[in-house]
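Undergrad: Have a look at the structure that comes next, please.
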Amino acid sequence: MFIPISLMLAGMALGFCLRKVGCLALVQRAITPTILLLLFVLGVAVGSDAELMGNLPLLGGRALALTLAGVGGSMIGVLLIRRHFPGAGAGRHARAPMPGDMAGSPEDASGMATAFEDAPVPPAAARPGEERPHGR
């Protein structure tokens, strides 16, 4: 593991030193094809390993179990947070009352952000039929 990290750090240092050289634009264009080639060669290496291919159902089952456990644990964490911190859920932003609850309606001229239910309403903008308080 020391060698790959050392090579990456050396490449970063070299890139930092040569950042003003014009030929580095070619490196930017070569990154994606190089990564795709490396992924293809990795796939060939995995596909040619008979032992790995024989254990693929077992490894896939374990990967599925880990994925489901991670998603399930995250959902349980969200439920616990919402139960113990009720203000942490959706709709936690205070909404200013609007006449006739026009937020998100075509008559609302305060902007696109109010089209979403949980979006905060902009502060006291001049709305049709409303007087703006003095001193603001």
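Throughout, read-outs are computed from the coordinates displayed, never taken from laboratory work. Predicted model only: the values in this text are computed from it and were never measured. Please note: Cβ atoms are built from the backbone with ideal geometry, for glycine as well, and neighbour counts cover all protein chains shown.
Undergrad: Using the alpha-carbon centroid of each, what span in Å lies between segment 64-83 and segment 40-63?
TA: Distance between centres, Cα-based: 28 Å.
Undergrad: Here's a follow-up. What is the Cα coordinate range of segment 1-40 on the first, second and third principal axes, sorted by size from largest, in whole angstrom?
TA: Result for segment 1-40: principal-axis Cα extents of 31, 25, 7 Å.
Undergrad: Just want the ordering: F2, F85, from fewest to most Cβ atoms lying within 10 Å of their own Cβ.
TA: On the way: F2 6, F85 10.
In increasing order of surrounding Cβ atoms, one gets F2, F85.
Undergrad: Stretched out fully, how many nm does the piece from R62 to A30 gain, at 0.36 nm a residue minus the Cα gap?
TA: Working: separation 32, 0.36 × 32 = 11.52 nm, distance 3.55 nm.
Full-extension gain reported as 8.0 nm.
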